[in-house]
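What follows is a short report on a single structure.
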Amino acid sequence: MPSDGLTGSSRRGLQLGALIGVSWLTTLVLGLRMELTQLHPLLITGWILWRSFLHTGLFILAHDAMHKSLAPRQTRMNHSIGRVCLWLYAGLNYDACRANHRRHHLMPESEADPDFCPVNNHSLLAWLFRFLRNYLNPAQVTRLALVLVALWLSTPASQNNVFVAISVTYLIPLLISTGQLFFVGTYLPHRKDHTQQGNEVSIRSLNLHPLISLLACYHFGYHREHHNHPKAPWFRLPELRTSRFVY
């Protein structure tokens with residue numbers, strides 16, 4: 001467990017969380033109002049990447065809330081913010097995700113780990129299929145559909161292409177964010193190389209510059225540090241980096 005100095009303060013965690021949340025909401029409102037089809041393709045690409053970064057931020061905030069590190073010593077606030085973030089992210093069920101994440105930490109890289117692929121471990125597609133199967137179900141699809149309907153109803157009547165606005169501002173960033181969380185935060189840190197035994201747990205940290213690590217997945221690639229210090233919030237993970245990195 002981390003020392004008190006690594007848990008972060010409620011003020012800093014909530015300040016950064018507010019910055020991410022307000023930025024996400026502001027860009028959502030702007031994106032639903034803008035005529036995106038009239039923008040230069042490079043501007044649209046930049047918009048999608050910025051929205052993807054903020055969208056990943058929502059999940060990271062919810063993840064810290066699960067560990068009660070978003071607002072230390074304020075359990076109810078953590079869970080309330082986490083629920084809102086996951087609903088906005090994709091209509092995800094916070095309690096179900098929290099239970100799965102707890103299993104991931106208690107039994108990493110095992111049959112009981114919902115984020116791990118014990119069979120055909122090196123196959124990216126097999127792992128992704130198992131990962132999505134554990135989180136997608138009729139209830140989840142229904143919740144996501146409700147989020148999309150809410151976005152549709154929230155789009156101004158003056159918007160000439162609602163589908164493009166929602167796709168560019170929400171759906172594509174959601175897909176990119178899912179890819180980031182899976183590839184950087186799950187697959188690369190937990191895949192086994194050919195020298196490891198079947199039941200050997202070897203959680204990796206990616207050898208990324210802190211700026212690249214932030215852009216890639218809010219330092220979630222520093223995964224060994226996270227598992228060793230699960231109470232440390234995302235913005236403290238660079239301080240926990242070790243000098244030994246393995247891809």
Check: Binned at 5 Å from 0, what are the whole-percent values of the Cα-Cα distance distribution for the chain, short to long?
Finding: 1, 6, 13, 17, 19, 17, 13, 8, 4, 2, 1, 0
Item checked: Shape category assigned to region 68-194 from the gyration tensor of Cα positions, a/c cut at 1.5 -> oblate
Check: 222 nm [θ] for the chain, helices only, -39500 (n - 2.57) per DSSP H run of 4+, per residue, to 500?
Finding: -18000 deg cm²/dmol
Next item on the list: Place +1 on the Cβ of every Lys and Arg and -1 on the Cβ of every Asp and Glu in the chain, take the dipole about the Cα centre, and give the residue among Q38, I172, Y135 whose Cα lies farthest towards its positive end.
Entry: Y135
Next item on the list: Report the charge-dipole magnitude of region 4-240 in Debye, nearest 20, computed about the Cα centre from +1 at each Lys and Arg Cβ and -1 at each Asp and Glu Cβ.
Entry: 480
Margin query: For Cα pairs less than 8 Å apart in space and 6+ apart in sequence, what is the mean separation divided by the residue count of the chain, i.e. the relative contact order in percent?
Written below: 27
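Only the coordinates and a few stated rules stand behind these numbers; no lab work does. What you see is a predicted model, and the numbers here were worked out from it, not measured in a lab. Virtual Cβ from ideal backbone geometry, glycine too; neighbours counted across all protein chains shown.
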